[in-house]
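Here the structure is laid out as structure tokens; the discussion comes afterwards.
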Amino acid sequence: MTAALLLAAYVVAAGSGGATALSRWTWINRAPRCGILAWQALSFSVVLAGFLAAVALALPFLPLRYAVADLFGAHTLTVIEHYATPLGPWPGIAALTVVAFLATKLALTTARRIRWADQARRAQRKALALVGHQHPEGFIVIEHAEPVAYCLPGGAGHPGRHGTVVLSTAALALLTDGERHLVLGHERRHLRARHDLALACADALRTTFPRVAVFAAAHREIAVLVEMAADDAASTARERRTLAQALVALGTGTRPEVALGASDTAAVQRVRRLTAPVPRRRAGQGSMVAAAALAVLSLPVSIALAPAVEAATRDCCAIAPLAIEPS
């Protein structure tokens, strides 16, 4: 039962205070791709810890107990003893019921959001086919009085499955050739990196668990970080100021809700970042963040398996004296 209590404590601590702690790390804006990974690791570790807490409570009556005992070479009864609760199987039954309900809610929410986004994007593509025309540089131009630049992520089952980039006539009139090149690179980076999937996962967790602070913060921060990551991918150190000028020029534009835009998410913050001196990247930073993310995801697993390891150690210590032959 200790493992389940520790996992529940981790869910509460990481779910409420994790967002505050991660938001204080200034390196995230300097390395947005690493920041996206950090927020995803923290979010998924909270979900994983909640699931494993329920499994730990229910393990004494789950068939999984035999696999755990075999994995660590422990006796099944010893494993059951280390996971048992004073109230018998009822806490495990209740925990599994809650987890099953929340998992179903998450799956349904995700499916609804994906279906809604797909329908909205199909409708947008049909409208673009009527009012837009193909530009020689590979994007669609629409007649619009406001400067607009956005991309529609693609999918299977339609001609533009790799995604569509859209610019308005007002945007073409405002942007120089260099600025247009950078804006197109920004949007195409969104499509290649499938930033829409990162946002969809974060949105599903935020919608399913609206009172969990870390999920709301993760969605908000990932929305900004994917834009910063696209900025970095689209521009070199010398082109950052030009891209900032393009963002300012596009600052009055809007985009469809299911699209990713170049200038409407944290535009002021991004312009300041692009016009500031380019920060130095630490060697091996990506590897360190990946290792830290793996550690965060491994922590709930380690907590959940700790009683099984202790059970195996106890059995080993109990059997070892019997193996010693008298001299």
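At-a-glance table
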quantity	calculated
Subset of the stretch 44-81 (residues that are open to solvent by 70 Å² or more (accessible area, probe 1.4 Å), more than 30 Å from D231 (Cβ to Cβ) and part of a helix (DSSP H, G or I))	F51, F61, L64, Y66, D70, L71, L77, E81
Pairs with Cβ under 7 Å, 6+ apart, first in the stretch 59-86 and without any contact (Cβ under 8 Å) to a residue 24 or more places away in the chain, second acidic (D, E) and assigned to a helix (DSSP H, G or I)	none
Complete set of residues in the stretch 173-192 that are touching a helix residue (DSSP H, G or I) at 6+ places or on another chain (Cβ under 7 Å) and without any contact (Cβ under 8 Å) to a residue 60 or more places away in the chain	G185, R189
Total residues in the stretch 197-230, condition in contact with a His (Cβ under 7 Å, 6 or more places away or on another chain) and either among the small types (G, A, S) or open to solvent by less than 10 Å² (accessible area, probe 1.4 Å) (or both)	3
G154 being open to solvent by 10 Å² or more (accessible area, probe 1.4 Å), touching a Ser or Thr at 6+ places or on another chain (Cβ under 9 Å) and not in a helix (DSSP H, G or I)	yes
Candidates A3, A19, A9, A41, filtered to the one that is assigned to a helix (DSSP H, G or I) and free of Cβ contacts under 8 Å to residues at least 12 places away in the same chain	A9
From R211, R180, residue being part of a helix (DSSP H, G or I) and basic (K, R)	R180
Of all residues in the stretch 94-112 being touching a helix residue (DSSP H, G or I) at 6+ places or on another chain (Cβ under 8 Å) and β-branched (V, I, T), the one that is most open to solvent (accessible area, probe 1.4 Å)	V98
Of the criteria (1) open to solvent by 60 Å² or more (accessible area, probe 1.4 Å); (2) closer than 30 Å to S43 by Cα; (3) hydrophobic (A, V, I, L, M, F, W, C), which one A84 fails	(1)
Residue within the stretch 177-196 that is in contact with a His (Cβ under 9 Å, 6 or more places away or on another chain), open to solvent by less than 50 Å² (accessible area, probe 1.4 Å) and either hydroxyl-bearing (S, T, Y) or under 23 Å from L22 (Cβ atoms) (or both) present	yes
Check on S287, open to solvent by 80 Å² or more (accessible area, probe 1.4 Å), at pLDDT below 90 and part of a loop (DSSP other than H, G, I, E, B)	no
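The values are calculated or read from the model by the stated rules, or taken from the named source; none is laboratory data. What you see is a predicted model, and the numbers here were worked out from it, not measured in a lab. Cβ coordinates were reconstructed from backbone atoms using ideal geometry, including for glycine residues, and neighbour counts include every protein chain displayed. In case anyone asks, the SASA skips ligands and DNA or RNA and just uses the protein heavy atoms, side chains included. Shrake-Rupley method; radii C 1.70, N 1.55, O 1.52, S 1.80 Å.
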